[in-house]
Amino acid sequence: MTTDDDTYLYDEATGEWRPASEMAAAKAAASMARDASGNVLADGDAVVLIKDLKVKGANQTLKQGTVIRSIRLTDDPEEIDCRHETIKGLVLRTEFVRKR
């Protein structure tokens, strides 16, 4: 009988054999969406822009300090899906937002 504690996987980044449970925890932590300050983001959070952003296709600039409410996480931990009053279907990079 084997458990997750008995299974070791080779970590190419460190060059070491590590327990499978430890590797799974590290992978889960890496896939979490984080804002520019390192805070974990979740569906429904409100965020604030930390710099002016030109929106492609809308000929509009979102100013620093603009509040975006009710974000949705995507499969990519570096992107969030959101809405603004004038722009629907907006996708922002997490490096440009801070959790409110």
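The values are calculated or read from the model by the stated rules, or taken from the named source; none is laboratory data. Everything numeric in this text was worked out from a predicted model, so none of it was measured. Cβ coordinates were reconstructed from backbone atoms using ideal geometry, including for glycine residues, and neighbour counts include every protein chain displayed.
Go through A28, A20 for me and flag whichever is without any contact (Cβ under 8 Å) to a residue 12 or more places away in the chain, under 30 Å from T7 (Cβ atoms) and among the hydrophobic types (A, V, I, L, M, F, W, C). None of the other options fit; the residue is A28. So is G65 small (G, A, S) and at pLDDT 95 or above or not? When the stated conditions are applied, G65 passes them.
Tallying residues that are among the aliphatic types (A, V, I, L, M) and touching an Asp or Glu at 6+ places or on another chain (Cβ under 6 Å) within the stretch 44-100 yields 4. If the condition is being within 20 Å of the chain's Cα centre (by Cα), assigned to a loop (DSSP other than H, G, I, E, B) and surrounded by 13 or more Cβ atoms within 10 Å (Cβ to Cβ), then the stretch 40-60 contributes L41, D45, A46, I50. One residue stands out among those in the stretch 83-97 that are loosely packed, with under 14 Cβ neighbours inside 10 Å and at pLDDT 90 or above: the one that is farthest from D52 (Cα to Cα), which is V91.
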